[in-house]
1. Would you check which residues across region 1-37 are in contact with a strand residue (DSSP E or B) (Cβ under 9 Å, 6 or more places away or on another chain), in a loop (DSSP other than H, G, I, E, B) and among the hydrophobic types (A, V, I, L, M, F, W, C) and list them?
2. Just to be sure I understand, how many residues within region 112-139 are closer than 14 Å to V18 by Cα, without any contact (Cβ under 8 Å) to a residue 60 or more places away in the chain and surrounded by fewer than 16 Cβ atoms within 10 Å (Cβ to Cβ)?
3. If you scan region 91-146, which residues turn out to be among the aromatic types (F, W, Y) and part of a helix (DSSP H, G or I)?
4. Going by what's in this entry, would T43 be described as among the hydroxyl-bearing types (S, T, Y) and surrounded by fewer than 17 Cβ atoms within 10 Å (Cβ to Cβ)?
5. Kindly list, by first and then second residue, each pair from a residue in region 1-28 that is touching a residue at least 24 places away in the same chain (Cβ under 8 Å) to a residue that is assigned to a loop (DSSP other than H, G, I, E, B) and not charged (D, E, K, R), limited to pairs with Cβ atoms under 6 Å and residues at least 6 apart or on different chains.
6. Can you name the residue in region 9-32 that is surrounded by 16 or more Cβ atoms within 10 Å (Cβ to Cβ) and within 14 Å of the chain's Cα centre (by Cα) and, of all such residues, is nearest to T70 (Cα to Cα)?
7. Inside region 1-16, can you point out the residues that are in contact with a Phe, Trp or Tyr (Cβ under 9 Å, 6 or more places away or on another chain) and not charged (D, E, K, R)?
8. Please specify each residue of region 38-83 satisfying the condition of being touching a residue at least 24 places away in the same chain (Cβ under 8 Å) and assigned to a helix (DSSP H, G or I).
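The values are calculated or read from the model by the stated rules, or taken from the named source; none is laboratory data. Bear in mind that the values here come from a model prediction, so they are computed numbers and not experimental data. Positions of Cβ are generated from backbone atoms using ideal geometry, with glycine treated the same way; all protein chains shown enter the neighbour counts.
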Amino acid sequence: MLKLEYYNETILPLSEVVFEQILDLINENFKELFPKQIDKRKTYYIALTLVDDKIIRKINRDHRGKDEPTDVVSLGYLDADEFPGQSDVAGEIFISFETAERQAEENEMEILDELKFLFVHGVLHILGYEHQSEKDFQIMMNLTNEILAIKT
């Protein structure tokens, strides 16, 4: 089971409830997405932090070698021996509110919908999904859309 730890480092007054509901939905309907190393009887935590472009640029540089802001960075720990001090942390997701806001405007969508999309995308990365190829990208997009379709 996945649970959320939520941190908001922005001025956006956004409750964690929307993200908790998405994790509950994944727990209830998409257990087949969980990798084998997840004990489905145990609780694992995903930390979500909303940040600004300055902070995500540093995270992106330090963890991905790209010195530029991005929309979301996911750090998965399921394949790691152990997250320092804890074995129940599945991963961390950082979402830049500033980049998400720009993307929402460009795509003519609500900011909350963009944030939900980025969160699901981040969760899928933590569960081991990647999109190095077009085929993998389509798999992730289809899963993201399937998860979000149930919620809306």
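1. M1, L12, L14, F34
2. Number of matching residues: 1.
3. Matches in region 91-146: F97, F117, F119, F137.
4. Values: among the hydroxyl-bearing types (S, T, Y): yes; surrounded by fewer than 17 Cβ atoms within 10 Å (Cβ to Cβ): yes.
Criteria met by T43.
5. Pairs found: M1/T43; K3/T43; N27/M1.
6. Here the answer is F19.
7. M1, L2, L4, Y6, N8, T10, I11, L12, L14, S15
8. D53, I55, I56, I59
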